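Below is one structure, written out as structure tokens; the observations come after it.
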Amino acid sequence: MKKLIGLLPFLYFIYTVSFSQSLFNGENLTGWYMDVPELEKESSLRKPFIVREGMLISLGTPLGHLITEKEFENYRLEVEYRFPGEPGNCGVLVHASSHRFLYDMFPKSIEIQMMHENAGDFWVIGEDIQVPDMEARRGPKENWGVTEGKGRRILNLTDGSEKPLGEWNHMLIECRGDEVKVWVNGDLVNHGFSATATKGKIAIQAEGAEVEFRKLELTKL
């Protein structure tokens, strides 16, 4: 029995490794593809997603998304990111499906906001999700919706969970069934339920600001 107990940490490590995978290999964008409308109009424009010094970089422009080739469900996604220069906007989209569903740009999905000082907000894009205190966090019920001009933003639970500009942030996103939970640097910043989608692709935004990613690791639940 003592030997078995002593083996538990090792067995847990093996279990975790067996069910975890990095979505980024540190060398190229294998496993991902870009959806960038402006590149279709003008192919000479720079690509907004590159690999630099072992990191995945969203250059911010032209606007678009980097999307996984595979769909995922029931997982935890660890993301380590920072804004190396000016503060700005970005996001991780879960349960992504139809391309360019919103504003001819955003795929149908639930966005986990990474905008500086707003990390952990939900933005619903074609899909929807509920949280406690919906009217306090989303605004008047009659304005709610999942398309253009509707109340799509659901505020996070905390302020001050992000690190100072230029430092690395750790975001953990858990998608389990119809629930989505988000932690930023160890703080639970959002918990939604009754999501209208429970699986889909994962996407990263190019939305105006340069963002560096040094970890994108998915663990199946």
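For Ser43, are the conditions met, namely being assigned to a loop (DSSP other than H, G, I, E, B), small (Gly, Ala, Ser), modelled with pLDDT under 95 and surrounded by fewer than 19 Cβ atoms within 10 Å (Cβ to Cβ)?
The answer is yes for Ser43.
Scan region 134-158 and report the pairs whose first residue is without any contact (Cβ under 8 Å) to a residue 12 or more places away in the chain and farther than 20 Å from His191 by Cβ and whose second residue is surrounded by 12 or more Cβ atoms within 10 Å (Cβ to Cβ) and of a type in the set (Phe, Trp, Tyr), with Cβ atoms within less than 8 Å and a gap of 6+ or a chain change.
Lys150/Trp144
Can you confirm whether region 204-216 contains a residue that is touching a strand residue (DSSP E or B) at 6+ places or on another chain (Cβ under 7 Å), outside any loop (DSSP other than H, G, I, E, B) and farther than 29 Å from Met55 by Cα?
no
When you check Ile110 against the structure, is it part of a strand (DSSP E or B), modelled with pLDDT of 95 or more and under 26 Å from Lys220 (Cα atoms), yes or no?
So Ile110 passes the test.
Looking only at region 161-202, how many residues end up being surrounded by 15 or more Cβ atoms within 10 Å (Cβ to Cβ) and free of Cβ contacts under 8 Å to residues at least 12 places away in the same chain?
Looking only at that region, the number is 1.
Looking at (1) surrounded by 14 or more Cβ atoms within 10 Å (Cβ to Cβ); (2) at pLDDT below 95, find the lone condition where Leu66 falls short.
Among (1) surrounded by 14 or more Cβ atoms within 10 Å (Cβ to Cβ); (2) at pLDDT below 95, the lone unmet condition for Leu66 is (2).
Within region 167-184, which residues are of a type outside the set (D, E, K, R) and within 16 Å of the chain's Cα centre (by Cα)?
Across region 167-184, the qualifying residues are Trp168, Asn169, His170, Met171, Leu172, Ile173, Cys175, Val180, Val182, Trp183, Val184.
How many residues are part of a loop (DSSP other than H, G, I, E, B), within 18 Å of the chain's Cα centre (by Cα) and among the charged types (D, E, K, R) if we restrict to region 131-166?
The total comes to 3.
Considering only residues that are of a type in the set (Phe, Trp, Tyr) and touching a residue at least 40 places away in the same chain (Cβ under 8 Å), look in region 99-113 and name the one that is surrounded by the most Cβ atoms within 10 Å (Cβ to Cβ).
Applying the filter and picking the extreme gives Phe106.
Could you please find all residues in region 24-63 being touching a Lys or Arg at 6+ places or on another chain (Cβ under 9 Å), touching a residue at least 40 places away in the same chain (Cβ under 8 Å) and under 22 Å from Gln113 (Cα atoms)?
Within region 24-63, Phe24, Asp35, Val36, Pro37, Met55, Leu56, Leu59, Thr61, Pro62 qualify.
The values are calculated or read from the model by the stated rules, or taken from the named source; none is laboratory data. Here the structure is a predicted model, which means the values were calculated and not measured. Reconstructed Cβ throughout: ideal geometry from the backbone, glycine too, with neighbour counts over all protein chains shown.
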